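Notes to accompany the following structure.
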Amino acid sequence: MPLKISFHGAAGGVTGSRHLLETDQARVLLDCGLYQGHRKEALERNKNLAFRPRELDAVLLSHAHIDHSGALPLLSKAGSEALIHCTKPTHEITGIMLKDSARLQAEDAKFFNKIHKEDGQTIEPLYSEEDAESAIRRLTPHAYAEEFEPARGVKARLLNAGHVLGSAMVQVDLDGRRVLFTGDLGRSKSLLMETPIPPGGVDTLIIESTYGGRLHEPVADIEGKLKKLLLRCAQEKGKIIIPSFALERAQEIIVVLEKLRREGAVPPIPVYVDSPMAVSVTEVFNRHLDAFSFDDEFMAYVAKAGDPFGFEHIHYVRASEESKKLNEMDGPMVILSASGMCEGGRILHHLRHNLDKENTTVLIVGYQAAGTLGRRLADGERKVKIFGMEQEVWAKVELMHAFSSHAGQDDLTGFIRGLPQKPKRIFLVHGDSDQRQALAEKLASEGVGGVECPGFGDSFDLL
């Protein structure tokens, strides 16, 4: 049976994960994420999916992050009726995130069009809440390691990827061949997640390379660095603004902040989680506590406190009016708000009101794709645009890579070495060119062959 794979996103870049497997009997899409970057380029790539949605037989979703799931409503909008297979936690979280994505697009478009009314600039949401609801109805949950048949002649399993709650490696078996798509792969040592275990019998490996050229700071460094920032924040009576992914990153930060407060290492600075989506996702976390690698000491504390993410100094913000009031309040305070790459949502309003203040700290705790506002701040730009208006940056911008839930170079190479069978082909995806090339060179130095760095739109026949 002929088998072809085509790369329609996250090939030569990090966001917009979309990989198409085709046989003469089936067309199965691995992920369907939104591309994030410069507004015009993002709009063009997201509107043009480069494949025919109506011809899809199934979608296999690795996890709920928007760069992997956020374009699913575009399939609905284009008339696709393909079922979307995922893990049970991903089923819950994706429903929250897609509805939030549609709502944020509508709000951002409304605000952008309002402030640019006189110059005639307008933008439209990529999809509606109805499109998101249509995609949500097709989500089909599975237990980890459960075998199912998403399309004719195709069997699949979802295996723990250790990246975020519900994240999965997608194992696809067809005609005696095994393809493994890692999705986003977790680290060998993580704050919350269990370590991913390499499966056997893999012929073709599709593996992320977000940090293919970087060794992460140890997780053990997090508490000390965060403590210094919190003490400075208290002294300056300022604000720490953290652009935070609502899934996993927000919850990790809450756990560390609570530990520091509980040990008396920092003063009781109020923490505001200003993201309706983060609030909803945290509720899902509380329903799946058995999925995490909490130590015995923390679990004993949780047994007394009752809620591992709802401590007394944590304030969850749903209402937009309460969110706006945060920008009128003096510090010290910590604000966690989405989106993690500063490309939409309430974080833009907090940055707009606080970037010009010297006692503001913007703490970057996740990967920032090229072209995003988060990347420009991380790169040290002193003038940026928010909602099309220029903003001076006097705030201090700090980076903490130790929070990353992506595998570093040593984790990635260790995972490949740990595969019981060496793959014939290895495709490096979901990485900027320099990171992907660094991983390819590292693998070559270790004698690993068959490594490919596909470009956007490239197709390969798998023998």
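The table below lists the values:
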read-out: The stretch 243-278: number of residues that are buried (at least 16 other Cβ atoms within 10 Å of the Cβ), assigned to a loop (DSSP other than H, G, I, E, B) and not hydroxyl-bearing (Ser, Thr, Tyr); value: 6
read-out: Residue within the stretch 195-208 that is closer than 15 Å to Val28 by Cα and either acidic (Asp, Glu) or out of contact with any Gly (no Cβ under 6 Å at 6 or more places or on another chain) (or both) present; value: yes
read-out: Contacts under 9 angstrom Cβ, first residue in the stretch 427-444 being under 22 Å from His68 (Cβ atoms), partner among the charged types (D, E, K, R) and assigned to a strand (DSSP E or B), 6 or more apart; value: Phe427/Glu452; Leu428/Glu208; Leu428/Glu452; Val429/Glu208; His430/Glu208; Gly431/Glu208
read-out: Selection from the stretch 66-84 of residues that are under 23 Å from Arg287 (Cα atoms) and surrounded by fewer than 24 Cβ atoms within 10 Å (Cβ to Cβ); value: none
read-out: Where Ser190 falls short, out of the listed (1) at pLDDT below 95; (2) within 18 Å of the chain's Cα centre (by Cα); (3) over 20 Å from Leu399 (Cα atoms); value: (3)
read-out: Selection within the stretch 137-166 - touching a helix residue (DSSP H, G or I) at 6+ places or on another chain (Cβ under 7 Å), surrounded by 20 or more Cβ atoms within 10 Å (Cβ to Cβ) and outside any strand (DSSP E or B); value: Leu165, Gly166
read-out: Test: Gly186 is of a type outside the set (Ser, Thr, Tyr), in the same structural domain as Leu351 (by TED's automatic domain parsing) and part of a loop (DSSP other than H, G, I, E, B); value: no
read-out: Any hit, the stretch 358-366, residues being in contact (Cβ under 8 Å) with a residue 60 or more places away in the chain and within 14 Å of Gly37 (Cα to Cα); value: no
read-out: Residues being outside any loop (DSSP other than H, G, I, E, B), farther than 17 Å from Ile364 by Cα and of a type in the set (A, V, I, L, M) - total across the stretch 195-242; value: 6
read-out: Total residues in the stretch 228-283, condition over 30 Å from Glu107 (Cα atoms) and among the polar types (S, T, N, Q); value: 1
read-out: Scope the stretch 10-53; condition in contact with a helix residue (DSSP H, G or I) (Cβ under 9 Å, 6 or more places away or on another chain) and polar (S, T, N, Q); matching residues; value: Thr15, Ser17, Gln36, Asn46
read-out: Selection within the stretch 230-281 - within 16 Å of the chain's Cα centre (by Cα) and of a type in the set (Phe, Trp, Tyr); value: Phe245
read-out: Restricting the stretch 302-338 to residues that are in a strand (DSSP E or B) and β-branched (Val, Ile, Thr), the residue that is modelled with the lowest pLDDT; value: Ile314
read-out: The stretch 82-112, subset touching a residue at least 24 places away in the same chain (Cβ under 8 Å) and of a type in the set (Gly, Ala, Ser), residue nearest to Gly340 (Cα to Cα); value: Ser101
read-out: Positions within the stretch 55-69 being closer than 19 Å to Glu343 by Cβ and either in a helix (DSSP H, G or I) or free of Cβ contacts under 8 Å to residues at least 24 places away in the same chain (or both), in sequence order; value: Ile66, Asp67, His68, Ser69
read-out: Residue that is farthest from the chain's Cα centre (by Cα), among those in the stretch 81-92 that are within 23 Å of Pro53 (Cβ to Cβ) and assigned to a helix (DSSP H, G or I); value: His91
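The values are calculated or read from the model by the stated rules, or taken from the named source; none is laboratory data. Computed from a predicted structure; not experimentally measured. Neighbour counts are summed over all protein chains in view; Cβ atoms, including those assigned to glycine, are modelled from backbone coordinates with ideal geometry.
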